[in-house]
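Step one of this worksheet: look at the structure below.
Only the coordinates and a few stated rules stand behind these numbers; no lab work does. None of these values were measured; they are calculated from a predicted model. Cβ placement follows ideal geometry from the backbone for every residue including glycine, while neighbour counts extend to all protein chains displayed.
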Amino acid sequence: FPAEPPKGNEENDDKFAEEYLKKYYNLKTDMRQSRRKGESPLIQKIKEMQQSLGLTVTGTLDTDTMEMMHQPRCGFIDVGE
Amino acid sequence: FNVFPGNKGWNKRDLTYRILNYTPDMPQAEVDQAIQRAFKVWSDVTPLTFTRVYEGISDIEISFAAQVHNDFYPFDGPHGTLAHAFAPSSGIGGDAHFDEDETWTSGSNGYNLFIVAAHEFGHSLGLFHSNDPSALMYPTYHFVEPSEFHLPEDDVNGIQSLYGARTT
C-alpha cells in the first residue's frame, strides 16, 4: 500500500482549482508570492466559492467541491467586480 | 436568489431581442423556438414582454461565438464555460453569448439551448447566480426535459423582486 496518496493528483487539483478560481471567482493574487507571505487567498476563495455554490464550507478541495468544479457552467464571474 | 448589486434591472418592461447568428448544430427554426421559449419562462411570471427584431440594435443581442469574441471573457473550447450574459444596461448590457465550441441541441444529446438560454436571460434581466442548487440561476448546467420545465420558486421570487408579478 502507498503510505500516502500520490501527490500528483493533489497538485493537479490545486492547479485546476487555481485556474477555476481565477476564471470564475476573480482570484488575482500571485499564489507563489502569497505563500511566501504566509497568506492563503486560495483557501479564502475556495470558501467563498463553496458558500456561493451552497456547499459545505471547508476551505479544502473535497470530493463534492471538485465534482462541482468539473461540471459545465455559466461563465459569469461569481463575485462582484 | 441574488440580484446584481446596484442594478435594479431594466427601467422599461417591453424589451427587444435580436439573434445575430446561428449555431450550425441545430436547425434555425429550433434555435428560434428555444430562444423564444427561454424568454417566455420569464415573461410568464412578470409584466415583461420580449419582441424579436431583425434590424438595428436590440436590448438583448444574442450570438454564438468561439474563443475570443469581442468582450473580455473569451470562451474556452468544449465544456467548461457554456455561455455568459451581461447585466441590464446600454451597449453590451443584456447581451447573451453562447460558446460555439459546445454542441447545442433541443434535446439531451449535447447542451440544451433552451435551458442554457433561460439561465442566461436571467442574467440579461438582472439576476445574479443563486446558491440554491434547484434554481435555474444556479451556475452549473443540469438537463431538464424542456416539456417538463417549470421555473423554480427561487427564480420566480428573484425576478419578481425586480419587476413584480404578472397581473393577468
Legend entry - Taking B:T81, B:T16 and counting other C-beta atoms within 10 Å, the order from fewest to most: B:T16, B:T81
Inset, instruction - Evaluate the relative contact order of chain B (contact order divided by residue number), counting alpha-carbon pairs under 8 angstrom at least 6 apart; express in whole percent. - result: 30
Legend entry - For the protein assembly as shown, size of Cβ-based charge dipole, Lys and Arg +1, Asp and Glu -1, in debye: 780
Inset, instruction - Would you mind checking which residues have amide H under 5 Å from B:F64's amide H? H placed 1.01 Å from N; only 5 or more apart, or other chain. - result: B:N21, B:F98
Inset, instruction - Would you please name the chymotrypsin sites (Phe, Trp or Tyr not before Pro) within the range B:51-100 that are DSSP coil residues with at most 11 other C-beta atoms within 10 Å of their C-beta? - result: B:Y54, B:F72
Legend entry - Order of B:D71, B:D95 under a 10 Å beta carbon neighbour criterion, fewest first: B:D71, B:D95
Inset, instruction - Work out the length of the dipole vector of chain B about its Cα centre, built from +1 on the beta-carbon of each Lys and Arg and -1 on the beta-carbon of each Asp and Glu, and round it to the nearest 20 debye. - result: 660
Legend entry - Distant alpha-carbon pairs in the range B:1-133 (separation over 22 angstrom), percent: 33
Inset, instruction - Please work out the Kirkwood hydrodynamic radius for the protein assembly as shown, using every pair of different C-alpha atoms, and report it in angstroms with one decimal place. - result: 19.1
Inset, instruction - State to the nearest 20 debye the size of the charge dipole of the range B:4-93 about its Cα centre, where the only charges are +1 on K and R beta carbons and -1 on D and E beta carbons. - result: 360
Inset, instruction - Could you tell me which trypsin sites (Lys or Arg not before Pro) in the range B:1-84 are loop residues by DSSP with no more than 14 other beta carbons within 10 angstrom of their beta carbon? - result: B:K8, B:K12, B:R13
Inset, instruction - Enumerate the helices in chain B for which the Kyte-Doolittle hydropathy averages -1.0 or more and the C-alpha atoms extend at least 30 Å along the helix's axis, using complete DSSP H runs. - result: none
Legend entry - Cα-based Rg / Dmax (Å) for the range B:64-168: 14.1, 43
Inset, instruction - Please give the calculated 222 nm ellipticity per residue for chain B, where each DSSP H segment of at least 4 residues contributes -39500 (n - 2.57) and the sum is spread over every residue; nearest 500 deg cm²/dmol? - result: -7500 deg cm²/dmol
